[in-house]
Amino acid sequence: MVCDAVILAAGLGTRMVSTTPKALHRLGGIPLVVWAERACREATDRPPVVVIGPEGGQVRAALPGDVRFVEQQSRLGTGHALLQTEGLLHGSGDLVLIVTADMPLLRSETLRQLVGVQRESSGPMTLVTVIAPDPRGFGRVLRESQGRVVAVVEEAVASDQQLETRELNASLYCIDAAWLWSHLPRLTPSATGEIYLTDLVAQAAQEAGGVASIRVEDPDEVIGINNRQHLAQAEAALRRRINREWMLAGVTLADPETTYIEASVRLEPDIEILPNTRLQGATSVGRASIIGPNTVVRDSTIGPDCRVEQSVVEGAVLEEEVHVGPFAHLRPGARLERGVHMGNFGEVKNSVLGPAVKMGHFSYVGDAEIGRGTNIGAGTITCNYGRDGKKNRTTVGEGVFIGSDTLLVAPVRVGDGAATGAGSVVTREVPPGSLAVGMPARVVRKLNHDG
């Protein structure tokens, strides 16, 4: 049986008090609607259909190009939103899976189970329920004495007695397509003026086979996000889920409650992550590295056996056995090759530090190439911004000694085995094996091989 998925994402989300559409608020660095899209795609092996409002252009831009969109011009409820997809989906598949864009913790495994139960059911519909102390605005599932589902009543129109029911409708459905398209147009507006998709449940309960249901055991999975408080609760639940999975995969988290790992991050076993550390975006960390405490790593690759302590690393690459920090900043384009040591209060941007380079502290290296085994003294600065408004390159060879407080005014080259005296201002090439001192720096003598 072919199953089409529909994601309802047309709501304004006014309770978020934001100019950003609710579907685009981020959880774990990923927009809410993207979580829903990925879960639906994994469950059905097909791109979903997304129902958006008239201002849904940003939602379109956030999703892959093969996702199909339908616009709900007037927000008249969930039943009306689903009806907008009939022209696109009528005759397309055998089943229709329906989810909302504001439920990002939903697992694809749950959706596959939902679809699987409906495939085996003789009735027209299967829904998902949850037992939870906080109803979060969900409708109540009504059952008869034998346990059969007879209806779902929305919280806004439920009686006091119905509101006491703790079994909640999670707003997740899988419905026989032919039955859906014949019964959906029959829905009528409620007392609030909206057409509720939940009214289909009472209709389906009268059919042979009735309404099937599955129950989600973990209430976190169906946290619906209606406001910033819900978003924070979902973020905490996602953090617990991700951290638990990584610990079971061999990663040590000294304090999981203060460790933030986005879903896009990739880690190898035997890594140790210390408190107050955030790993974000397209980040990967190699085996046996230690990250933290108080460290942010974003869109970076860190190799095995590295140590990054109380530092910020963004858009950088660290090869094996690199030590960074504390209080260092690696900016986009930084590449530290094997065995580099970069100490406290250093900054590197768009530069390559060759193997075994030592950059102790209080230095800035930008738009530069530093050769193997070079020592960069404290306070060294590459002055790479020229009068022409362009960034210029600095090239330092292998085995160079750069004295403390040296200014390297690009474009400039320092040859292999050369050295600069403390406080030098280097404005022209320093030949290999030479010592340059002064302001501007002048070559004063050749160095021997031992010097």
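Each Cα pair under 8 Å and six or more residues apart adds its sequence gap; the mean of these over the residue count of region 110-240 is a relative contact order of 34 percent. The Cα-based radius of gyration and maximum Cα-Cα distance (Dmax) for region 61-166 are 16.2, 48 Å. Here the residues S145, S351, S284, ranked from fewest to most Cβ neighbours within 10 Å of their Cβ, fall in the order S145, S284, S351.
Packing, taken as the mean count of other beta carbons within 10 Å per residue, orders the peptides 156-163, 95-102, 206-213 from highest to lowest as 95-102, 206-213, 156-163. Applying 1/(1 + (r/R0)^6) with R0 = 25 Å to the Cβ-Cβ distance of E86 and D218 gives a FRET efficiency near 0.15. Seen from F362, the other residues with C-beta closer than 11 Å to its C-beta sum to a net charge of -2, counting Lys and Arg as +1 and Asp and Glu as -1. Each residue, D66 and A208, gets one label point 7 Å from its Cα in the Cβ direction; the gap between the two is 3.8 nm. Note on region 261-354: the alpha carbon radius of gyration divided by the globular reference 2.2 N^0.38 Å gives 0.91. Against the set [x] 54, 25, 21; [y] 33, 26, 20; [z] 61, 21, 17, the structure's computed semi-axes √(5λ) of the Cα gyration tensor in Å falls on [z]. Close amide H contacts of E429 (hydrogens built in the peptide plane, cut-off under 5 Å, sequence separation of 5 or more or a different chain): R413. Taking the Cβ of E154 as the center, what net charge do the other residues with Cβ under 11 Å away carry, scoring Lys and Arg +1 and Asp and Glu -1? Result for the neighbourhood of E154: -2. Of all the Cα-Cα pairs you can form in region 1-134, what percent are over 23 Å apart? It works out to 32 percent of all Cα pairs.
Run the quick spin-label model on K391 and S284: label points 7 Å from Cα toward the beta carbon, then report their separation in nm to one decimal. Label at K391, label at S284, 2.4 nm between them.
For the pair R119 and N276, the difference between a 0.36 nm per residue extended length and the Cα-Cα distance amounts to 51.9 nm. Per-residue Cβ neighbour counts within 10 Å put K22, K358 in the sequence K358, K22, beginning with the fewest.
Extension gain, E268 to I30: 0.36 nm times the residue separation minus the Cα-Cα distance gives 83.5 nm.
Partner lysines whose Cα lies under 29 Å from the Cα of K391, excluding those fewer than 8 positions away in the same chain, are identified as K349, K358. Average projection, convex hull of the Cα set of region 228-446: 12.3 square nanometres.
Based on DSSP H segments of at least four residues, each scored -39500 (n - 2.57), the chain has a per-residue ellipticity at 222 nm of -5000 deg cm²/dmol. Shape analysis of region 20-61 places it in the oblate category; the axes a ≥ b ≥ c from the Cα gyration tensor give an a/c of at least 1.5, with a/b not above b/c. Other residues with beta-carbon under 14 Å from the beta-carbon of R413 carry, at +1 per Lys or Arg and -1 per Asp or Glu, a net charge of -3. Axis of helix 228-248 versus longest Cα principal axis of the chain: the two differ by about 70°, to the nearest ten degrees. As a proxy for reagent exposure, ranking S311, S182 by other Cβ atoms within 10 Å from fewest up yields S182, S311. Here the spin labels are modelled as points 7 Å beyond Cα on the Cα-Cβ line, and at L248 and V157 they lie 4.2 nm apart.
Take every Cα pair under 8 Å whose residues are at least 6 apart in sequence, average their separation, divide by the length of the chain, and the relative contact order is 8 percent.
Quick note: the coordinates plus some simple rules give every number you see, no bench work behind them. All of these numbers come straight from a predicted model, not from anything done at the bench. Because the Cβ atoms are built from the backbone with ideal geometry, glycine has one as well, and the counts that use them run over all protein chains shown.
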